[in-house]
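Presented below is the structure to which this report refers.
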Amino acid sequence: MAKSDFPYVHGFSKKEQDRLRRQAKFWEYSIFEGINFSSCKKLLEIGCGVGANTEILLRRYPDIFVEGIDINEAQIEEAKRYLPTIPYGKDRFHIQKMDAGNLEFKSNSFDGAFLCWVLEHVPDPVRVLSEVRRILKPGGRLVVNEVMNHTFFLEPYSPHVWKLWMAFNDFQYDHAGDPFVGAKLGNLLTQVGFRQVKTEVINLHLDNRNPEKRTEIIEFWTELLMSGRDSLIEASYIDEETFDKAMDEFKTVRRDPNAVFMYSFMRCEARVLNEY
Ligand SMILES: C[S@@+](CC[C@H](N)C(=O)[O-])C[C@H]1O[C@@H](n2cnc3c(N)ncnc32)[C@H](O)[C@@H]1O
């Protein structure tokens, strides 16, 4: 399939910006538990969006300064509005518009870098990771989290949800993204010169033993797919009827006392050992 120019499947509405903040809170434990940026003084967050993970970085690592970049004006504006409202963020961040594939920073100038759900949206992840490798000092640490959309599972069987899910993935893939990029991170990081590359598959498996969390993720997933509704229908990746049936199936799953939800993502840590 031909890869064409990048439209962002979720859009940049206020609703989507709120979703990103809820998303960051939902995944916080899975993403940050066991990650240690406490020796980092200056960290680059690539694709910081509305500042949802920037807030978490500032809260968890009180000595860190976060330089946040994003390619989208609306996200940047919202991050600039939101982050000054956080008391522990004062004088500890700087947000600007920049393309991750063309970082306007000196080589060897950061001791940490963080990317979360960004590489799935970029046309050339190798270029972005090469840039990250370039700006990190020797000893610098990278943490990157990425999707593995082939791992999504839902019980009871929901055929329209599957159609919608594959339409979502096809749209992203055809528009220069990669909904499966998480599985490839080990190769990509090694290829651009990172060392001590550790990959960890983080599994979310929710069933009767944790009904509240299960309901939360099913609602969250419904919202995630809702965020792509207009893009997918407009580009004829799915029709309205199939979309609506998928939403009905989500409601059925939410009510089912024996529902099961599974999804896994990739969390990687890697180091830079030598000067660029
Ligand atoms: C799914 S959002 C994730 C935002 C944030 N990392 C979070 O977890 O809340 C992906 C972000 O990557 C940004 N992005 C996409 N391509 C980019 C690029 N080439 N350079 C910088 N940011 C980019 C988008 O504008 C969007 O804000």
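The values are calculated or read from the model by the stated rules, or taken from the named source; none is laboratory data. Computed from a predicted model, the values in this text were never measured in an experiment. Because the Cβ atoms are built from the backbone with ideal geometry, glycine has one as well, and the counts that use them run over all protein chains shown. Surface accessibility is based on the protein's heavy atoms, side chains included, excluding ligands, DNA and RNA. Shrake-Rupley method; radii C 1.70, N 1.55, O 1.52, S 1.80 Å.
Side notes on the structure shown:
- Segment 190-276: Rg to Rh, with Rh as the Kirkwood radius over Cα pairs: 1.18
- Loop-located trypsin sites (Lys or Arg not before Pro) in segment 199-250 (DSSP state other than H, G, I, E, B) with a sparse environment of at most 13 neighbouring Cβ atoms within 10 Å: R209.
- Accessible area in square angstrom per residue, segment 14-271, 1.4 angstrom probe: 44
- Among 50-56, 75-81, the order from most to least packed when residues are scored by Cβ within 10 Å on average: 50-56, 75-81
- Local net charge near Y88, Cβ-Cβ under 14 Å (Lys/Arg +1, Asp/Glu -1): +1
- Fraction of antiparallel bridges per DSSP, segment 14-271 only, in percent to nearest 5: 50
- Cα gyration tensor category, rounded, prolate or oblate, for segment 128-276 with a/c compared to 1.5: oblate
- Backbone HN-Hα couplings from phi across segment 52-58 [Karplus 6.51/-1.76/1.60, Hz, Gly and Pro as x]: 5, 7, 4, 4, 5, 4, 5
- Extending 7 Å from Cα along the Cβ direction at I86 and again at W162 yields two label points whose distance is 4.0 nm.
- Over the Cα atoms of segment 14-271, the radius of gyration divided by the Kirkwood radius equals 0.97; this is the Rg/Rh ratio.
- Taking the 1.4 Å solvent-accessible surface of the chain as the whole, the part contributed by carbon and sulfur is 50%.
- Per-peptide average of other Cβ atoms within 10 Å, ordering 58-64, 171-177 highest first: 171-177, 58-64
- Residue pairs exceeding 18 angstrom between C-alpha atoms, taken from K41/K80; K14/K90; K25/K137; K41/K90: K41/K80; K14/K90; K25/K137.
- Among D70, D178, D170: highest mean-square fluctuation, GNM of the chain, C-alpha pairs under 10 Å: D170
- Subtracting the Cα-Cα distance of Y276 and D230 from their residue separation scaled by 0.36 nm leaves 12.2 nm.
- Separation in nanometres of the label points that stand 7 Å from Cα toward Cβ, at R209 and K14: 4.2
- Zone residues, segment 103-133, relative to K41, backbone N less than 14 Å from point 7 Å out along Cα-to-Cβ: 109-112
- Taking L103, L136, L185 as the candidate residues, the one with maximal mean-square fluctuation in a Gaussian network model of the chain, Cα springs under 10 Å, is L103.
- With the charge dipole of the chain set up from +1 on Lys and Arg Cβ and -1 on Asp and Glu Cβ about the Cα centre, the Cα lying farthest toward the positive end among the listed residues I218, L204, S30 is that of S30.
- Selected from I35, I218, I135 as most flexible by GNM, with the chain as the system and alpha-carbon contacts under 10 Å: I35
- Cα gyration tensor shape of segment 66-181, rounded if a/c is under 1.5, else prolate or oblate by comparing a/b with b/c: prolate
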